[in-house]
1. Tell me, in nm to one decimal, what length is gained between Tyr18 and Thr97 on full extension, where the rule is 0.36 nm per residue of separation less the Cα-Cα distance?
2. What ³J(HN,Hα) values, in whole Hz, does the Karplus curve 6.51 cos²θ - 1.76 cosθ + 1.60 give for the stretch 65-82 when θ = phi - 60°, with x put for Gly and Pro?
3. Based only on Cα atoms, what mean projected area does the convex hull of the stretch 2-125 have, in nm²?
4. Once the Cα atoms of helix 45-61 and of the chain are each reduced to a long axis, what angle between those two axes, in degrees from 0 to 90 to the nearest 10, is obtained?
5. From the helices alone, meaning DSSP H stretches of at least four residues, give me the mean residue ellipticity at 222 nm for the chain, per-run term -39500 (n - 2.57), in deg cm²/dmol to the nearest 500.
6. Work through the residues other than Glu54 whose Cβ is under 14 Å from its Cβ and net out their charges, Lys, Arg +1 and Asp, Glu -1.
7. Quick one: length gained pulling Glu47 to Asn72 fully straight, 0.36 nm per residue minus the C-alpha distance?
Amino acid sequence: MQITVGSPASAPQPLNPYYSQVARVEHADGALLYLSGQIAEGATLAEQTRGVFETVGALLEAHGATLADVINIRTCLTDISELEEYAAVRRQFLTGTPPTSMTFEVPRLFRADAKVEIEIVAAVPAGR
């Protein structure tokens, strides 16, 4: 097993230098990608969610994966009453069989203006 941790130059860079965006764990049948929690700019939850999924897509692409390879998603919302707004945007990006998921409300994220933070695990078949 080989583990590579970093932030691909081809994707949006982390907001601070204190974390890596992706851990890639190679195994005989492919790789697992563990993406750090992602946030994005935007005035509304929908705008932020869209921005997060665009960043996630770029991070996955840098590792030969797509959003179709997502197997687990963990979402923090600062207002759970906006769950349907979040879910509507999520369905635009995750169009196949839904991944395993956990969504919960938090009082605040590390940036005061952030409404959503999303963490992803993806499975990449061998050869990609």
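Each value in this text was obtained by applying a stated rule to the coordinates, not by laboratory testing. Bear in mind that the values here come from a model prediction, so they are computed numbers and not experimental data. Counting neighbours? That spans all protein chains shown, and the Cβs are built from the backbone with ideal geometry, glycine included.
1. My answer for the length gained is 25.1 nm.
2. Per-residue couplings from phi come out as 10, 9, 5, 5, 8, 5, 10, 8, 9, 10, 10, 10, 10, 7, 8, 5, 5, 9 Hz.
3. 7.4
4. Relative to the chain, helix 45-61 is tipped by roughly 10 degrees.
5. After summing the helix terms and dividing by residue count, I get -7000 deg cm²/dmol.
6. Result for the neighbourhood of Glu54: -1.
7. So the chain would gain 6.8 nm between Glu47 and Asn72.
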